[in-house]
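Asker: Quick one: structure below, then a few questions.
Derivation of every value follows stated rules applied to the coordinates shown; laboratory data play no part. Not measured: the values here are computed from a predicted model. Please note: Cβ atoms are built from the backbone with ideal geometry, for glycine as well, and neighbour counts cover all protein chains shown.
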Amino acid sequence: MIFVPLVLFLIYLDGWTFKGFITLIFLLAAVEFTRLFAKQGHNPPLAVVLAGVFLMLLPRLFFGQAAFEWVLLGVILLTAITAFIQYEYGQKN
């Protein structure tokens, strides 16, 4: 019950407080995502997932939709490189 008034207050404040709150929620969701995958036996690197989520939010916070395609391409490449390194060194996927 305390979460709804907090969200409404942050919406009222607008600006960087609300954007910071949304970023925090997305990063916490990414941590939960990696934990769920780890329970299933997969090995998603937490740093890559958090960096990907943060990099996906970064252009929206500063530029709107201007550079989203390039950031998405970078996140996909970072994920592919990480998967390749894990495969080459024999780590569990």
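Asker: Would you calculate, for the chain, the mean residue ellipticity at 222 nm contributed by helices, counting each DSSP H stretch of 4 or more residues as -39,500 (n - 2.57) and dividing by all residues, to the nearest 500?
Answerer: -27000 deg cm²/dmol
Asker: Using a/c under 1.5 as the rounded threshold, could you call region 1-40 rounded, prolate or oblate? The axes a ≥ b ≥ c are square roots of the C-alpha gyration tensor eigenvalues, and prolate needs a/b larger than b/c, oblate otherwise.
Answerer: It comes out oblate by the Cα gyration axes.
Asker: For the pair L57 and F9, what calculated FRET efficiency results from E = 1/(1 + (r/R0)^6), where r is the Cβ-Cβ distance and R0 = 22 Å, to the nearest 0.05? Please list the in-between numbers first.
Answerer: On the way: r = 21 Å, r/R0 = 0.96.
So, using R0 = 22 Å, E works out to roughly 0.55.
Asker: Computed from these coordinates, which is Rg/Rh (Cα atoms, Kirkwood Rh): [x] 1.08; [y] 1.17; [z] 1.10?
Answerer: Among [x] 1.08; [y] 1.17; [z] 1.10, the one calculated here is [x].
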